[in-house]
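The structure under discussion appears below in the form of structure tokens.
Read-outs: derived from the displayed coordinates by stated rules, not from any lab. Here the structure is a predicted model, which is why all the values come from computation and not from measurement. So basically every Cβ, Gly included, is an ideal-geometry build from the backbone, and we count neighbours across all protein chains shown.
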Amino acid sequence: MSIEVTLLGTGSPIPNPDRAGPATLVRAGDATVLVDCGRGVVMRLVGAGVLPVGLTAVLLTHLHSDHITDLNDIVTTHWVMATEPTPLAVYGPPGTQAVIDALLAMLGPDQQYRLDHHADLTEPPQVEVTEVEPGDSFTVGDATVIVGATDHRPVTPTVGFRISHGGESAVLAGDTVPCETLDELCSGADLYVQTVIRADLVQLLPNARIQDILDYHSTVEQAAQTAARAGVGTLVLTHYVPPLVPGQEDEWRALAAAHFDGPIVLGDDLTRIAAAQ
Ligand SMILES: [Zn+2]
Ligand SMILES: [Zn+2]
């Protein structure tokens, strides 16, 4: 097994007691990569057997609050549990540095309390931000990451990531409607993880603000169509809007299966998927 994906949080901005916010763990070679940091991410990360200090890097697909709301917990827990000053590597679209600067400012009082109280804690948290653009590539441990453009307009910039190691690859698309650059990023990938909504169910909700989400997310069917066009191995669905009710997995899967012949994975938080199945 070269690449393994764990759905840490399969929820969305809609609060749900059983689904943490959007976050996905990717183990690729010697790299342990966290993609997005939604509500409850540290609890789920530990549930997957990883402490924040064990992360090689954090990747952010975009700066929507549901994808970064608990990044501050990652930063602080990484800082206080490291036995020596250890930078946290964060990759995200342009604007990420400003968010990190503001996040660290918010944590200023806490940093001072802890620096004053712990004699062996001598430096504030170090966060090394790399802002990435579509077409960029970089390495995390011995894994390679390619950055692709996604389309979540009017939210911009947004990116997806293709993480590769040992001939296997996983795409973490983030929030996006189908687009050519997403197809390119996904082309031939072993795993394609897509955040999705059920348009048929969302349309039933009598709330204008919820109706607004229809035009900038992939539906389950669209994710399956992307998977088919790109020839991916396994389609993995997450970020369920509305929250997936346990027992209805087959109903969601059937909507995707009408458009994609390969394996389709849906599940609860902490569902694990290996690239080679
Ligand atoms: Zn979003
Ligand atoms: Zn989202």
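Beta carbons closer than 6 Å, at least 6 apart along the sequence or on distinct chains, pair a first residue in region 64-78 that is over 15 Å from Ala105 (Cβ atoms) and among the hydrophobic types (A, V, I, L, M, F, W, C) with a second that is more than 15 Å from ligand 1 (Cβ to nearest atom) and not in a loop (DSSP other than H, G, I, E, B) for Ile74/Pro52. Count of region 30-63 residues, restricted to those that are away from ligand 2 (no atom under 16 Å from the Cβ), over 15 Å from Gly92 (Cα atoms), free of Cβ contacts under 8 Å to residues at least 40 places away in the same chain and among the aliphatic types (A, V, I, L, M), is 8. Step by step: first the residues of region 139-158, then only those that are in a loop (DSSP other than H, G, I, E, B), touching a residue at least 60 places away in the same chain (Cβ under 8 Å) and closer than 20 Å to His239 by Cβ, then the one that is nearest to ligand 2 (Cβ to nearest atom). Which residue is that? Among those residues, the one meeting the criterion is Thr158. If you go through region 189-211, how many residues are part of a loop (DSSP other than H, G, I, E, B) and touching a helix residue (DSSP H, G or I) at 6+ places or on another chain (Cβ under 9 Å)? Residues in region 189-211 being part of a loop (DSSP other than H, G, I, E, B) and touching a helix residue (DSSP H, G or I) at 6+ places or on another chain (Cβ under 9 Å): 4 in total.
For region 112-138, give me each residue that is in a strand (DSSP E or B) and in contact with a helix residue (DSSP H, G or I) (Cβ under 9 Å, 6 or more places away or on another chain). Val127, Val129, Thr130, Glu131 - these are the residues of region 112-138 that are in a strand (DSSP E or B) and in contact with a helix residue (DSSP H, G or I) (Cβ under 9 Å, 6 or more places away or on another chain). Of the helices (runs of 4 or more DSSP H) that lie entirely inside region 32-97, those containing 2 or more residues that are hydroxyl-bearing (Ser, Thr, Tyr) and under 23 Å from Leu115 (Cβ atoms) span 71-81.
The residue of region 159-181 that is farthest from ligand 2 (Cβ to nearest atom), among those that are of a type in the set (Ser, Thr, Tyr) and crowded, with 24+ Cβ neighbours inside 10 Å, is Ser169.
Residues checked against (1) surrounded by fewer than 17 Cβ atoms within 10 Å (Cβ to Cβ); (2) more than 16 Å from ligand 1 (Cβ to nearest atom); (3) not β-branched (Val, Ile, Thr):
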{"site": "Thr61", "(1), (2), (3)": "no, no, no"}
{"site": "His67", "(1), (2), (3)": "no, no, yes"}
{"site": "Leu71", "(1), (2), (3)": "no, no, yes"}
{"site": "Ile74", "(1), (2), (3)": "no, yes, no"}
{"site": "Glu84", "(1), (2), (3)": "yes, yes, yes"}
{"site": "Val90", "(1), (2), (3)": "no, yes, no"}
{"site": "Ala102", "(1), (2), (3)": "yes, yes, yes"}
{"site": "Asp110", "(1), (2), (3)": "yes, yes, yes"}
{"site": "Asp116", "(1), (2), (3)": "yes, yes, yes"}
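Consider region 27-41 and keep the residues that are hydrophobic (A, V, I, L, M, F, W, C) and surrounded by 23 or more Cβ atoms within 10 Å (Cβ to Cβ). The one that is nearest to the chain's Cα centre (by Cα) is Val35.
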